[in-house]
């Protein structure tokens, strides 16, 4: 065996060792990729029922929103009717009630003023009579 043959043999053995040393991480990487693929597949299989349930939930929520929209329209209609009724009652009863309240206030004021005037007259009479009896 010549020196070149020995050097070629050592180089071949070194290359074989290098290939073996690199094969181990490559095998581990292959297993990791297989596990990642399996995890993605399981996630996909588990996500499908969740998406179906989410779609069913959104469909039910949309149906409820349609019902709520009908209720909101009815409430709006009722509010409009109540506002119209309030305007009618206010115009029909409001003016006479204001007139009656004003009349009542005027009567109370007049009666109160007369009582006060009578009380002042009585007090003056009493004061005059007491001054006359003193003098």
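Computed from the coordinates by the stated procedures, all read-outs in this text should not be read as laboratory data. Bear in mind the structure is a predicted one, so any value in this text is a computation, not a measurement.
Distance from the Cα centre of the stretch 10-38 to that of the stretch 68-130, in angstrom?
Using only Cα atoms, the two centres lie 101 Å from each other.
Can you give the convex hull volume per residue for the Cα atoms of the stretch 86-135, as a whole number of Å³?
Per-residue hull volume (Cα only) is 36 Å³.
In degrees, nearest 10, range 0 to 90: what is the angle between the Cα axis of helix 95-134 and the longest Cα principal axis of the chain?
Here the helix axis deviates by roughly 50 degrees.
Starting from a Cα-only point model with no solvent, please compute log10 I(q)/I(0) by Debye for the chain at q = 0.12, 0.16, 0.20 1/Å.
-0.91, -1.05, -1.16
What are the extents of the Cα atoms of the stretch 1-61 along their three principal axes, in Å, largest first?
Answer, in whole Å and largest first: 86, 11, 9 Å.
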